[in-house]
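What follows is a single structure, written as structure tokens, with notes after it.
The values are calculated or read from the model by the stated rules, or taken from the named source; none is laboratory data. Because the structure is a prediction, the values reported are computed rather than measured. Reconstructed Cβ throughout: ideal geometry from the backbone, glycine too, with neighbour counts over all protein chains shown. These area figures cover heavy atoms from the full protein model, side chains too; ligands, DNA and RNA do not enter into them. Shrake-Rupley method; radii C 1.70, N 1.55, O 1.52, S 1.80 Å.
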Amino acid sequence: MTIELIVVGIVTLLAGFLIARVVLKKGLSDHEQNSKEKASQILKEAESQGEILKKNKMLEAKEKFLQLKAEHEQEINNKNNLAAQRDNSLKQKEQSLGQKLENATRKETELDNQRQQLARQQELLDKKKAEVEQSHQIQVKQLEKISGLSVEEAKSQLIEALKDEAKTNAMSMIKDIVEDAKMTAAKEAKKIVIQTIQRSATEAAIENTVSVFNIESDEVKGRIIGREGRNIRALEAATGIEIIVDDTPEAIILSGFDPVRRELARLSLHRLVTDGRIHPARIEEVVAKTRKQLEEEIIETGERTVIDLGIHGLHPELIRMIGRMKYRSSYGQNLLQHSREVANFCAIMATELGLNVKMAKRAGLLHDIGKVSEENPEVPHAILGMQLAEKYKEHPEVCNAIGAHHDEIEMTSILSPIIQACDAISGARPGARREVVESYIKRLKDMESLALSYPGVEKTFAIQAGRELRVIVEAEKISDKDSEALAFNIAERIQTEMTYPGQVKVTVIRETRAVSYAK
């Protein structure tokens, strides 16, 4: 029973294995068949797409070929058109040249005909001239017989007669021309002068001999005077200005003929009052600093003036002198304003006359430069100004105009009378100048120069309207006895050489200082 069961099991197992193998083999066969069908289908699809791509590429290639062909044909057509245009242009040029050649040939033929006609006319003219000359000779011989004069004698008499007549006519014409020129010149001169005056602004700046220094309260007056008047004496000695402290409320009067000194005293007082420290040593320090500042302002004024007038290339020393003109006056007329006015007048006149405007303006500004020079006071200011201009390499015409504007030297250029005329226009207008002030200032300057001419004199100051002359001497060179003699000699010279009202007090100041520093 057991063996039968084992056999049945083995047989069942073998049958199951065979069945499974048959089923597996059948499944593999079906799968392979499906794969082959799919591969065949994919191949067919690939062949179909390849055909489509091939057709598309062929179409694109055909289109590209047709496009390139069209472009090539278009380019060929353009070149053919251009060649045709060139051919037409060449043909037109050939036709034009042919016409010009024909015209030239025709003109040449016409010219040949004209030359021939001229040659025939010249021959006829020569014949006529010969006939006229022969007839003239016959007439001359007949006239010689009638008049009893030869041809040369008749010519001489005719020439003499014509000479006399020409001289008479010429003299008459010259006289008329001269008279007309005089009238025209006078009229033009008046016109130019009137236009010059009308086109320039008239400003009168009259310098006084007194400046007023305003203070906040009368307490400041005592500090300015100082103990026993030491401060005010130090201020007067340092600046050369008389300081008047009176009952005038909140004001101190600075009296002096020199505007530069008055300005120095005013600025120094302003600094001292603002600072509050007022004593002799401080006064000397402040006056020294203010003098330096004032010198810088003078240079700045000169530079601003030349810039305003458009003048370039002036020597720095001349610019400094122009700045000093602000503090000088000419017969009461501010010298800088007068010089600027003359420069503008000269520019207008030079423009009207067609001359060099820049050179005329330059000469007008510098014409009174000699008045601010501190050298050679006995030389006329026009000559001194010319020497300064020559020294600083100014143009010869400018130098001559400066020196000749008061007729000290001969005028050598047209610029010189223009400067002279403009100077007269500026100074002669109403209210421009005051002779009294100018003579007063000149007297004070002469008084200071007289005392300064003695050896050992360091500074001189004319104060109290010229009633007192203070002379500061060097202690090393002048002794006490010499100071007395110097005061006497100066007083004698003022008495004998100068004209002045009242009396003049001469004060000689000799001061010895010992200075040492603690370090």
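One table, with the values for the structure above:
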| quantity | calculated |
| --- | --- |
| The stretch 282-306 residues that are part of a helix (DSSP H, G or I), paired with ones that are acidic (Asp, Glu) and open to solvent by 60 Å² or more (accessible area, probe 1.4 Å) (beta carbon under 8 Å, 6 or more apart) | 282/275; 286/275 |
| Among residues of the stretch 448-464, those that are open to solvent by 70 Å² or more (accessible area, probe 1.4 Å) and of a type in the set (Val, Ile, Thr), counted | 0 |
| Qualifying residue in the stretch 354-369 (condition: open to solvent by 30 Å² or more (accessible area, probe 1.4 Å), assigned to a helix (DSSP H, G or I), within 21 Å of residue 420 (Cβ to Cβ) and among the polar types (S, T, N, Q)) | no |
| Failed item in (1) in contact with a His (Cβ under 8 Å, 6 or more places away or on another chain); (2) open to solvent by less than 40 Å² (accessible area, probe 1.4 Å); (3) modelled with pLDDT of 80 or more, with residue 427 passing the rest | (3) |
| Unique residue being open to solvent by 60 Å² or more (accessible area, probe 1.4 Å), of a type outside the set (Lys, Arg) and over 23 Å from residue 326 (Cβ atoms) when the list is 375, 390 | 390 |
| Wholly enclosed strands (runs of 3 or more DSSP E) of the stretch 438-519 bearing at least 1 residues at pLDDT below 85, under 24 Å from residue 259 (Cα atoms) and within 51 Å of the chain's Cα centre (by Cα) | 457-463, 468-473 |
| Residue within the stretch 316-336 that is open to solvent by less than 60 Å² (accessible area, probe 1.4 Å), in contact with a Lys or Arg (Cβ under 8 Å, 6 or more places away or on another chain) and part of a loop (DSSP other than H, G, I, E, B) present | yes |
| Candidate set: the stretch 274-313, residues that are open to solvent by 80 Å² or more (accessible area, probe 1.4 Å) and under 30 Å from residue 357 (Cβ atoms); chosen: the one farthest from the chain's Cα centre (by Cα) | 300 |
